[in-house]
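Visitor: The following block contains the structure, expressed as structure tokens.
We did not get these values from a lab; they are worked out from the coordinates using the rules stated. In this text, all values refer to a predicted model and were calculated from it rather than measured experimentally. Note that each Cβ is placed from the backbone with ideal geometry, even for glycine, and that neighbours are counted across all protein chains shown.
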Amino acid sequence: MSSRDEYRVDMHVKVLNERVVERAKSRDVDALVYAPHFVPLPEIRRRAEAFSDDDLLVVPAREVFTGTWRNRKHVLAVGLDDPVPDFITLAGAMAAFQRQDAAVLVPHPEFLNVGIGEDDIRVHADVVDAVETYNPKHLARHNRRAKEIARVTRKPTFASSYAHLARTVGDVWTALDEPVSSTEDLVAAVTSGDLGRVVHLSGRSHRLRCKVEFAHLGWENTWKKFDRLVLSGTEPTHPTADLYGGRFDDVAVY
């Protein structure tokens, strides 16, 4: 438990290494939710376990890339027992999460062309547990819209650093009143309907890190990168990968 009498969870990071762990601990973060793009669940679990210790819990998760490249929507699932691939329909992903009783979170809602919208949340209201209302890659208008979406859909809120760069880890967190000691505990906290408080740093340094994270989007969303990694069908989280045993062929979009 942090010195401020709250349990701090950075609910979504993309990077995990010694520098990330050091940064998290220096910011009094108690837990990280680690969900890198295009990495199979077994590998995420191995890395999360390797970097967890008595001072920092690393929870494995998957941000599943649903839909096509031009019409994609990301969904964050915590507590999966079985792997779920990218490049499947949103409905297919939601059904898989529901079968596994996973905690389902909406990161960066309606952000650019990668966020789930208000209508999607209403359609899948029985599966979605919480909506992100602060993200460093957001501009101010995106955070305002995210708060409105959470309000009108009556969903609990959360926040994360969404760190693709180590320096952003711990800039944002969800403050829980009670500590969690496992993935199962965090799933219970998320699905309880009373997730916690959204907290973030402020000031010039934080705003600068937010701008750097936003600029990073230009590289990670290039068509060349996507074509090389995904449309070749060799990506390890592609539905045709051996890991999924053909179970998602009927909902695959590529």
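Visitor: Can you pull the one-decimal nm distance between simple spin-label points at E22 and E148, each 7 Å off the Cα toward Cβ?
Guide: Using points 7 Å along Cα→Cβ, the separation is 4.3 nm.
Visitor: Mind checking the angle between helix 90-99 and the chain's longest principal axis? C-alpha axes, 0 to 90 degrees, to the nearest 10.
Guide: Approximately 70 degrees, to the nearest ten.
Visitor: Any idea which of F65, L139, M94 is furthest toward the positive side of the dipole for the chain, if Lys and Arg beta-carbons carry +1 and Asp and Glu beta-carbons -1?
Guide: Value computed over the given set: L139.
Visitor: Give the share of C-alpha pairs in each 5 angstrom bin for the chain, from 0 to the last occupied bin, in whole percents, shortest bins first.
Guide: In order of increasing distance, the bins hold 1, 6, 14, 19, 21, 19, 13, 6, 1, 0 percent.
Visitor: Additional query: Could you tell me what % of all Cα pairs in region 154-207 have separations over 12 Å? Intermediate results must be reported in sequence, preceding the final value.
Guide: On the way: 991 of 1431 pairs.
When every Cα pair of region 154-207 is considered, 69 percent fall beyond 12 Å.
Visitor: Within region 162-181, list the residues whose amide N lies under 18 Å from a label point set 7 Å along Cα→Cβ of H200.
Guide: 162-176
Visitor: Provide the net charge surrounding T174, with neighbours chosen by a C-beta distance below 12 Å and charges set as Lys +1, Arg +1, Asp -1, Glu -1.
Guide: Taking every Cβ under 12 Å from that of T174, the sum is -4.
Visitor: What spacing in nm lies between the two simple spin-label points modelled at T240 and N113, each 7 Å away from Cα in the Cβ direction?
Guide: Rounded to a tenth, the inter-label distance reads 2.3 nm.
Visitor: For E43, E63, which order do you get if you count the other beta carbons within 10 Å of each Cβ and list the fewest first?
Guide: On the way: E43 15, E63 23.
The most exposed by this proxy come first: E43, E63.
Visitor: Then there's this: Report Rg(Cα)/(2.2 N^0.38 Å) for region 76-156, keeping two decimals. Mind dumping the intermediate values first?
Guide: On the way: Rg = 12.5 Å, N = 81, 2.2 N^0.38 = 11.7 Å.
In units of the 2.2 N^0.38 Å rule of thumb, it is 1.07.
Visitor: Would you kindly derive the ³J(HN,Hα) couplings of region 176-186 from the backbone phi angles with the Karplus curve 6.51 cos²θ - 1.76 cosθ + 1.60 (θ = phi - 60°), listing them in order in whole Hz, with x for Gly and Pro?
Guide: For region 176-186, the Karplus curve yields 9, 6, 10, x, 10, 10, 7, 4, 4, 5, 5 Hz.
Visitor: Right, another one. Give me V212, V33, V106 sorted ascending by neighbouring Cβ count inside 10 Å, so fewest comes first.
Guide: Values: V212 14, V33 26, V106 29.
In order of increasing Cβ crowding within 10 Å: V212, V33, V106.
Visitor: Then there is this: Set the Förster radius R0 to 30 Å, insert the Cβ-Cβ distance between S192 and A215 as r into 1/(1 + (r/R0)^6), and round the FRET efficiency to 0.05. Walk me through the numbers on the way to the answer.
Guide: Values: r = 36 Å, r/R0 = 1.21.
E(calc), rounded to 0.05, equals 0.25.
Visitor: Check which residues have an amide H placed less than 5 Å from H12's amide H, if you skip close sequence neighbours.
Guide: Here the answer is V33, S161, Y162, since their amide H atoms fall under 5 Å of that of H12.
Visitor: Something else: Rank these for me by crowding, F38, F97, F51, going from fewest to most other beta carbons within 10 Å. Walk me through the numbers before you get to the answer.
Guide: Numbers: F38 15, F97 25, F51 18.
Ascending number of Cβ neighbours within 10 Å: F38, F51, F97.
Visitor: Using alpha carbons only, how many degrees (0 to 90, rounded to 10) separate the axis of helix 41-51 from the longest principal axis of the chain?
Guide: 20
Visitor: Right, next: So how far apart, in nm, are the two label points at Q100 and D250 if each is 7 Å from Cα heading toward Cβ?
Guide: In this crude label model, Q100 to D250 measures out at 1.9 nm.
Visitor: Hey, what number do you get for the chain at 222 nm if only DSSP H runs of n ≥ 4 count, each worth -39500 (n - 2.57), divided across all residues, to the nearest 500? Present the calculation step by step, with values, prior to reporting the outcome.
Guide: Working: 8 runs with 80 residues, N = 254.
Calculated at 222 nm, the ellipticity per residue is -9000 deg cm²/dmol.
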